[in-house]
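One structure is given below, encoded as C-alpha cells.
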Amino acid sequence: MGLIYTIANQKGGVGKTTTTINLGSFLAHYGKDVLLVDIDPQSNATSSLGIDKYNVSGGTYQALLEEKDIRDYILRNPKLKLSILPASPDLAGAEVELVNEVGRENLLKRKLLPLADEYDYILIDCPPSLGLLTLNGLVAAVDGILIPVQCEYLAMEGLGDLVSTIERVRRVISPDLIIRGLILTMYDTRTNLANDVVEEVKKHFQEKVFNTIVPRSVRLAEAPSYGVPISLYSPSSIGANAYNELAKEILLGDGHKLPEV
Ligand code: ATP
Ligand code: MG
C-alpha cells in the first residue's frame, strides 16, 4: 500500500502547492511512484506542472462528482516521473454541489483508496479554506497531514483552527487521522522574526516539526512559470536542496531506505 498525505493549511500562500510539487518531484527522484492530487479550484499545482487548467478534459471535479474511473483523468509526465489528477476552475462549483451528496466528506478517500496500491505516494494539495474540499482532503489523509507554516508574522494564527478541525475529523470520521508533520517554509535568515516563528512553532508542536526548514528562494517562486519543479528548473539552488532534504526526511521516517541516485 502506498502512503496518502494531505498538504493542508487554510491560510493562503504558505507554501502548500510549492511543497506538494517539489516534495513530490524529489520523492519521484528517489524512485517512488508519485501521484499528486489537486483539490484546489485555483489549480495552481496543475499549472505548476505546465498543464493548462482551462483545457483539462476532466480531473478532481469529475472524480468527486461522477461515477467514472478516475484513472482516465490522471495525467503522467514521463520526464518528471510524476502523475497528477488535475484540477480546473469548475472545481469551485463542487464546494456547493457536494453539500447535497451522501457521504460528502468521504468522496475523495473512496475514490483514491483503490489507487493506493498503484502508487508509493499520493500527495493531496488543498485550497486555502476549511470548506468541503479541504475536509475531503483531511478525511483522505490516510497516513497523515503535512502542514506548511510560513515563517512570517501571524504564522501561528489559524493553526489552532486547523488543529481543531483535524481533531473534529478524527473524532467523527477518521479515528486514526494524524498530523504527519509541520514544514517551516519561506525562512529568511536575515530576519529575527523568522527565528522567532521557528522557536514558537517548535515550542508548540515539538517533534512534529520537520528538521528541514525551507528557505525563501526566488528560484522556488520562478519554477512554476516554467511548468516544472525546482529539481528540473534549478537543481543546485537552496530551494531544491531543502525539498531534497525534506523528501529524504520523509522517506526515512516512513521506513524507506534511501537508494543511491
Ligand atoms: P494558496 O493558499 O493560494 O493555495 P499555497 O499555500 O499553495 O497558496 P504557494 O502557492 O506554494 O502557497 O506559495 C505562495 C507563493 O509563494 C507562490 O508565489 C510561491 O511561488 C511562493 N513561494 C512558496 N514557497 C516559497 C519559498 N520557499 N521561497 C520563495 N517563494 C516561495
Ligand atoms: Mg496552493
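So the values come out like this:
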read-out	value
Some residue of the range 178-186 being surrounded by fewer than 15 Cβ atoms within 10 Å (Cβ to Cβ) and either within 16 Å of ligand 2 (Cβ to nearest atom) or not β-branched (Val, Ile, Thr) (or both)	no
Helices (runs of 4 or more DSSP H) wholly inside the range 186-261 containing at least 2 residues that are within 18 Å of LEU154 (Cβ to Cβ)	192-205
Residue list for the range 2-13, restricted to those being within 11 Å of ligand 2 (Cβ to nearest atom) and buried (at least 24 other Cβ atoms within 10 Å of the Cβ)	ILE7, ALA8, ASN9
Inter-residue pairs, beta-carbon under 6 Å, first at negative phi and in the range 1-30, second open to solvent by 10 Å² or more (accessible area, probe 1.4 Å) and of a type in the set (Phe, Trp, Tyr), 6+ apart	GLY2/TYR119
Scan of the range 107-142 for residues that are small (Gly, Ala, Ser), under 21 Å from ASN22 (Cα atoms) and not in a helix (DSSP H, G or I), ordered by number	ALA116, ALA141
Single residue of the range 115-140 satisfying the filter (away from ligand 1 (no atom under 16 Å from the Cβ) and open to solvent by less than 10 Å² (accessible area, probe 1.4 Å)) that is farthest from LEU85 (Cα to Cα)	VAL139
Close pairs from the range 195-211: first of a type in the set (Phe, Trp, Tyr), partner open to solvent by less than 40 Å² (accessible area, probe 1.4 Å) and not in a strand (DSSP E or B), Cβ under 7 Å, at least 6 apart	PHE210/LEU246
Candidate set: the range 16-39, residues that are near ligand 2 (Cβ under 9 Å from one of its atoms) and open to solvent by 10 Å² or more (accessible area, probe 1.4 Å); chosen: the one farthest from GLY227 (Cα to Cα)	LYS16
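Residues are listed down the side, and each one gets a yes or a no for (1) within 16 Å of ligand 1 (Cβ to nearest atom); (2) touching a Leu at 6+ places or on another chain (Cβ under 9 Å); (3) aromatic (Phe, Trp, Tyr); (4) assigned to a strand (DSSP E or B):
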residue: THR6; (1), (2), (3), (4): yes, yes, no, yes
residue: LEU23; (1), (2), (3), (4): yes, yes, no, no
residue: LYS79; (1), (2), (3), (4): no, yes, no, no
residue: ILE84; (1), (2), (3), (4): yes, yes, no, yes
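Here is a yes/no grid of residues against (1) more than 12 Å from ligand 1 (Cβ to nearest atom); (2) not small (Gly, Ala, Ser):
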{"residue": "VAL37", "(1), (2)": "yes, yes"}
{"residue": "SER48", "(1), (2)": "no, no"}
{"residue": "ILE51", "(1), (2)": "yes, yes"}
{"residue": "GLY59", "(1), (2)": "yes, no"}
{"residue": "LEU65", "(1), (2)": "yes, yes"}
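Residues are listed down the side, and each one gets a yes or a no for (1) in a loop (DSSP other than H, G, I, E, B); (2) touching a residue at least 12 places away in the same chain (Cβ under 8 Å); (3) open to solvent by 10 Å² or more (accessible area, probe 1.4 Å):
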site	(1), (2), (3)
PRO41	yes, yes, yes
GLY50	yes, yes, yes
TYR61	no, yes, yes
ASP72	no, yes, yes
ARG76	no, no, yes
SER88	yes, yes, yes
GLU97	no, yes, yes
GLU105	yes, yes, yes
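The values are calculated or read from the model by the stated rules, or taken from the named source; none is laboratory data. Fair warning: this is a prediction, and the values are worked out from it, not measured in the lab. Cβ sites come from the backbone with ideal geometry, for glycine too, and all protein chains shown count toward neighbours. Just the protein is used for accessible areas: all its heavy atoms, side chains included, with ligands, DNA and RNA removed. Shrake-Rupley method; radii C 1.70, N 1.55, O 1.52, S 1.80 Å.
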